[in-house]
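Everything below concerns the one structure shown next.
Taken together, the values in this text are just the output of simple stated rules run on the coordinates, not laboratory data. On a predicted model such as this, the values are computed, not experimentally measured, just so you know. Cβ atoms come from the backbone with ideal geometry, glycine included; neighbour counts cover every protein chain shown.
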Amino acid sequence: MDYPNPQNLSFYYVYVLFSVRDKKLYIGFTRNVFKRLAQHNEGKTKSTACRRPLQLIYYEAHLLKKDALRRESYFKTTSGKRSLRIMLNSVLSELGYYPNNTTK
């Protein structure tokens, strides 16, 4: 498999947002994580417009789009949500996230 030239690396991101309003998580995929966060907080994303403000609490980068999409799909499963709660335990506790809240 040929990988992109290191001089021109472009990543695909999977990210997790925390809604300050409803204390729930949102999981997404993008090419530009900070631009996407701004779109969410400006109300330009239908699924999160009423859940603002949102905080970026986690993201990871992937070289291949299919890997990022697979990871996003995994995080939306019961096992993936459990993994996120374990990985992000400290920050979720500080933010007041409760495990019985569902992840979208």
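Mind checking which residues of region 16-67 are among the aromatic types (F, W, Y) and free of Cβ contacts under 8 Å to residues at least 24 places away in the same chain? It would help to see each step written out before you state the result.
Quick first cut of region 16-67, residues among the aromatic types (F, W, Y) only: 18, 26, 29, 34, 58-59.
Matches in region 16-67: F34 only.
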### Message
Considering only region 67-89, I want to know if a residue exists there that is over 22 Å from Y12 (Cβ atoms), of a type outside the set (A, V, I, L, M), touching a helix residue (DSSP H, G or I) at 6+ places or on another chain (Cβ under 8 Å) and part of a loop (DSSP other than H, G, I, E, B).
### Response
no
### Message
Of all residues being among the β-branched types (V, I, T) and surrounded by 13 or more Cβ atoms within 10 Å (Cβ to Cβ) in region 53-102, which is farthest from F29 (Cα to Cα)? Just the residue, please.
### Response
V91
### Query
Across region 20-44, what is the number of residues that are more than 24 Å from L63 (Cα to Cα) and among the aromatic types (F, W, Y)?
0
